[in-house]
Ligand SMILES: [Zn+2]
């Protein structure tokens with residue numbers, strides 16, 4: 001076993017270690033340590049082919065200089081690619097069907113995760129909580145004037161039923177549902193049925209949650225709309241599911257429709273008023289589920305790196321990308337690190353969150369439950385929706401010290417990386433609100449290890465939240481790459497000699513929310529409904 005208990009965290013790894021301080025790399029024109037590394041480089045980049053060759057030589061040099069950490073890097077990287085286990089476990093996980101809260105698939109996924117963690121030699125537990133679950137009934141939407149026509153629709157999760165006999169009303173189209181669109185039509189919204197697209201255009205939606213579905217729904221409710229129609233902004237991609245509120249029933253009926261049916265409504269609206277009839281039956285009910293937690297002890301028990309992924313999916317989907325990819329990646333990290341026998345400085349806590357798709361309920365209950373010990377978590381690494389083309393990067397959600405740490409890791413492993421603008425998305429948000437430094441893995445426009453480039457615009461979900469988010473959409477090498485970058489980052493986070501990022505106070509979190517406009521967004525979303533704020 002190359003990495004044994006003799007492994008000394010301080011001497012064997014440093015996040016600032018850089019191969020370019022070596023004589024060897026000077027051969028390749030590096031005038032200063034790290035000048036070709038990602039993120040904050042000032043020097044012109046060499047041709048890509050040269051960089052690839054140099055990367056291999058730098059890697060060889062690191063092997064000699066810091067043997068233990070590099071051996072662990074190599075061991076994990078090699079096993080991720082050669083075993084292809086992440087991809088094959090994803091095939092098995094997605095075969096279980098939907099993992100929506102309250103379904104048999106959710107229970108099957110829990111058993112799958114527990115079995116995998118136990119097989120890795122860990123001792124997982126379930127931290128149970130009770131939440132308001134939701135069951136879809138039927139939904140129908142028809143144009144009643146100026147023509148009659150049936151449209152395809154499904155309810156958004158958490159939406160209430162319509163009153164018996166349904167709802168009739170006139171459509172008001174508010175484009176992408178940006179704050180500006182809502183404000184412009186504020187006085188026309190009352191008693192209308194609001195139609196918005198799922199797009200969050202970069203220019204107008206900073207942070208992206210400014211134009212998140214739940215913010216659009218919140219504005220429609222606040223301005224008195226009768227019902228909410230959410231059309232997919234992307235053609236050929238079916239109705240895009242999503243939630244309305246966190247852990248409580250939505251106030252007005254809400255359905256999602258495909259791009260093409262939204263276009264029908266838009267084109268009819270060009271000629272004059274359009275009326276529709278909407279009927280939906282849904283059921284909200286109390287349900288007990290849980291987050292699955294397992295630990296790999298570190299040498300310093302007071303410090304934890306938490307790596308997490310949500311295991312639920314929407315009920316219309318097997319959630320291969322969102323978030324089967326995150327689940328199998330976390331399980332693979334648990335297995336490889338456990339089997340390596342290495343003991344790093346910090347305890348690594350693996351958490352598979354329940355009920356993310358209903359507005360981050362599981363992660364909120366996690367943060368709430370551990371409110372007295374949040375300062376033990378030096379970093380939360382979230383992995384969600386990663387198995388597609390493009391280099392991986394980490395959203396550090398406005399925590400500058402966490403961003404510095406990630407860029408140091410990128411430099412250390414010689415990986416192109418940038419820190420995106422904060423999105424305050426998914427399970428990360430509960431931790432941000434709790435003051436916990438957070439890094440959420442994402443795709444980027446940069447070219448990846450295996451050479452492909454991200455094709456998505458980042459302004460909508462692609463296959464996410466649709467019934468087409470299936471195993472065939474996940475790219476094997478993109479999944480391997482994500483697992484490799486997560487592994488190398490996790491090792492460095494777990495073994496960093498000093499605390500890489502600071503827990504924020506309530507006042508500091510409030511300042512981040514104010515500066516980014518998230519305070520307004522959260523008030524329209526009425527999020528959180530579960531207490532995730534740090535104690536004073
Ligand atoms: Zn997700």
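Would you mind getting me the FRET efficiency between residue 92 and residue 187? Use the beta-carbon distance for r and R0 = 60 Å, nearest 0.05.
Numbers: r = 54 Å, r/R0 = 0.89.
After rounding, the FRET efficiency stands at 0.65.
So what is the relative contact order for the stretch 133-285, in percent, with contacts set as C-alpha pairs under 8 Å and at least six apart?
Details: 353 pairs, mean separation 62.2, N = 153.
So the answer I get is 41 percent.
Quick check: the angle from helix 67-83's long axis to the longest principal axis of the chain, C-alpha only, nearest 10 degrees?
The answer is roughly 50 degrees.
Using a Förster distance of 25 Å, how high is the FRET efficiency between residue 119 and residue 288, based on the Cβ-Cβ distance and rounded to 0.05?
Numbers: r = 26 Å, r/R0 = 1.03.
E(calc), rounded to 0.05, equals 0.45.
For a label point 7 angstrom out from the Cα of residue 529 toward its Cβ, which stretches of the stretch 125-156 have the backbone nitrogen within less than 14 Å?
130-135
DSSP beta bridges in the stretch 133-285, what fraction antiparallel, as a percent rounded to 5?
On the way: 19 of 32 bridges.
Close to 60 percent.
Any idea how far the Cα center of the stretch 517-536 sits from the one of the stretch 94-110, in Å?
When both Cα centres are located, 29 Å separates them.
Cut-off is 10 Å between beta-carbons; in what order do 285, 366, 415 appear when sorted fewest neighbours first?
On the way: 285 9, 366 27, 415 23.
Sorted ascending by nearby Cβ count, the order is 285, 415, 366.
Highest first, please rank the peptides 344-355, 396-407 by the mean number of other Cβ atoms sitting within 10 Å of their residues. Provide the component values of the computation, followed by the final result.
On the way: 344-355: 25.9, 396-407: 22.6.
Top of the packing list down: 344-355, 396-407.
When 413, 530 are ordered from fewest to most other Cβ atoms inside 10 Å of their Cβ, what list results?
Details: 413 25, 530 22.
Fewest-to-most Cβ neighbours within 10 Å comes out as 530, 413.
What is the helix-to-structure angle for 400-413, meaning the angle in degrees between its Cα long axis and the longest Cα principal axis of the chain, kept from 0 to 90 and rounded to the nearest 10?
The answer is roughly 50 degrees.
With r defined as the distance between the Cβ atoms of residue 506 and residue 167 and R0 fixed at 41 Å, what FRET efficiency is calculated, to the nearest 0.05? Present the calculation step by step, with values, prior to reporting the outcome.
Values: r = 41 Å, r/R0 = 1.00.
E between residue 506 and residue 167, to the nearest 0.05, is 0.50.
Per the helix-only calculation at 222 nm, which mean residue ellipticity applies to the chain, given -39500 (n - 2.57) for every DSSP H run of n ≥ 4 and division by its residues, nearest 500 deg cm²/dmol? It would help to have the intermediate numbers written out before the result.
Working: 16 runs with 180 residues, N = 536.
-10000 deg cm²/dmol, from helical runs alone.
So how do 315-324, 181-190 stack up, highest first, on mean other-Cβ count within 10 Å? Don't skip to the end; give the middle numbers.
On the way: 315-324: 26.9, 181-190: 14.5.
Ranking the peptides 315-324, 181-190 by packing returns 315-324, 181-190.
So how do 516, 393 line up by other beta-carbon neighbours within 10 Å, fewest first?
Details: 516 20, 393 25.
Starting with the residue having the fewest Cβ neighbours, the order is 516, 393.
Simple spin-label model, 7 Å along Cα-to-Cβ: residue 204 to residue 536 in nm?
Those two pseudo-labels are separated by 4.0 nm.
Highest mean first, what order results for 200-206, 104-110 on Cβ atoms within 10 Å?
Working: 200-206: 16.6, 104-110: 18.6.
Output ranking for 200-206, 104-110: 104-110, 200-206.
In whole Å, how far is the Cα centre of the stretch 172-235 from that of the stretch 413-436?
Result: 25 Å between the Cα centres.
Only the coordinates and a few stated rules stand behind these numbers; no lab work does. Note that the coordinates shown come from a computational prediction; the quantities given were computed from them, not determined experimentally. Glycine gets a Cβ as well: all are built from the backbone with ideal geometry, and neighbour counts include every protein chain shown.
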